[in-house]
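First comes the structure, then the notes that go with it.
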Amino acid sequence: MEAPALYLGLFVLIFLLIFTWRMHRRRLSLPPGPIPLPFVGNLFQGSFLIYESYLKLCKQYGPVFTVWLGNTPVVVLCGYSVVKDALINYSHRFSDRGPLPITARLAKGYGIIGTNGEHWRHTRRFAITTLRNFGMGKRSMEQRVQEEAEHLIKAIEATRSVLADPDCWKTPYDFNPENFLDQNGLFCTHDAWMPFSAGKRICPGEGLARMEVFLFLTALLQKFTIKPANPSDTYDLWTLRRAFRKKGLSYCLSAYPRT
Ligand code: HEM
């Protein structure tokens, strides 16, 4: 081998050794997890569906583990009990949001979503007061949402157009109303059902969103039977994921007028 190639090889080897040693030292102070490779970390080690890999890692390393996304270690909390612990019992430690390039670019340090500390507290208080003044949580809002739902129903009628913790759920990957029914078939809420998150960062629009979703859905379901446009589609996570990846947020449903 030529001398320059030898020196280059030696240089790369020493560089890799120093890099790996530094990564190893950082790992000692972090929760356990799979061994990362230099530069890529654990990026190419798991399954393509990241939450599938997380469930496997959770079984292997416990509910708090570390994965390396490139050179950055990320501590993952997996499952209801640790997530609740972090967001509610240790909310003073876990209510800051890490830097997200997209919010940093869009919000430029303003707003609620990408900020922390005093600025976040003030903006959040202002947002909640504004939403309340706008009617969130009041009956007047209910009427306005119902009017909107009526407009939607008229539009559909006019066009006749087509439009995951396994310990907590009976069937975590399938849509199953039984997850929300007790032994007598009556509605019951579920602690692990937290679509608006929990703790200090809980969605401030929850009241409005809940009312919108409830009123829109009930208004639609009273008038129409709704089915997937493609009969072979099912309401499971995989179908929704596929639809999401191929066509963005669209998912085709058919609305059949009830007789
Ligand atoms: C079905 C509808 C909605 C869902 C499922 C939803 C869900 C969520 C979730 C999961 C978060 C993150 C909480 C966290 O980081 O722990 C969030 C944050 C947020 N949501 Fe919503 N949301 C909905 C509708 C709305 C609406 C209607 C508004 C405004 C009127 C809104 C405003 C916000 C804001 C400003 C934040 C950031 C809060 C903060 O960082 O302090 N959301 N939402």
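Looking for something more than 14 Å from the ligand (Cβ to nearest atom) and surrounded by 13 or more Cβ atoms within 10 Å (Cβ to Cβ) - is there at least one such residue anywhere in the stretch 131-145? Spell out how you get there, then give the answer.
At the first step, the residues of the stretch 131-145 found to be more than 14 Å from the ligand (Cβ to nearest atom) are 138-140, 142-143.
Then keep just the ones that are surrounded by 13 or more Cβ atoms within 10 Å (Cβ to Cβ); that gives 138, 142.
For the stretch 131-145, residues more than 14 Å from the ligand (Cβ to nearest atom) and surrounded by 13 or more Cβ atoms within 10 Å (Cβ to Cβ): present.
Output the number of the condition that residue 242 fails; it satisfies all remaining conditions of (1) assigned to a helix (DSSP H, G or I); (2) loosely packed, with under 12 Cβ neighbours inside 10 Å; (3) at pLDDT below 85.
For residue 242, the exception is condition (2).
Any chance the stretch 188-195 includes a residue that's over 30 Å from residue 97 (Cβ atoms) and touching an Asp or Glu at 6+ places or on another chain (Cβ under 6 Å)?
Yes - at least one qualifying residue is present in the stretch 188-195.
Only one of these is at pLDDT 95 or above and either within 29 Å of residue 38 (Cα to Cα) or in a strand (DSSP E or B) (or both): 48, 65. Name it.
Values: 48 fails: at pLDDT 95 or above.
Going through 48, 65 in turn, the sole match is 65.
Here's a check for you: in the stretch 83-99, which residue that is within 16 Å of residue 115 (Cβ to Cβ) and exposed (fewer than 11 other Cβ atoms within 10 Å of the Cβ) is modelled with the highest pLDDT?
98
Looking at the stretch 183-190, can you tell me whether even one residue there is loosely packed, with under 15 Cβ neighbours inside 10 Å and outside any loop (DSSP other than H, G, I, E, B)?
yes
Assess whether residue 157 counts as being within 16 Å of the ligand (Cβ to nearest atom), exposed (fewer than 15 other Cβ atoms within 10 Å of the Cβ) and not aliphatic (A, V, I, L, M).
no
If you check residue 170 against the conditions, is it part of a loop (DSSP other than H, G, I, E, B) and either more than 16 Å from the ligand (Cβ to nearest atom) or closer than 28 Å to residue 254 by Cα (or both)? Let's see the steps before the verdict.
Numbers: part of a loop (DSSP other than H, G, I, E, B): yes; either more than 16 Å from the ligand (Cβ to nearest atom) or closer than 28 Å to residue 254 by Cα (or both): yes.
Yes.
In the stretch 191-217, what residues are of a type in the set (Gly, Ala, Ser), within 11 Å of the ligand (Cβ to nearest atom), more than 22 Å from residue 139 (Cβ to Cβ) and part of a loop (DSSP other than H, G, I, E, B)?
Passing the criteria: 197, 198.
Can you tell me which residues in the stretch 105-120 are surrounded by 12 or more Cβ atoms within 10 Å (Cβ to Cβ) and closer than 22 Å to residue 72 by Cβ?
Listed by number, the residues that qualify are 106, 107, 113, 114, 115, 116.
The values are calculated or read from the model by the stated rules, or taken from the named source; none is laboratory data. Worth saying up front: this structure is predicted, and the values here are computed from it rather than measured. All Cβ positions, even for glycine, are placed from backbone atoms using ideal geometry, and neighbour counts span all protein chains on display.
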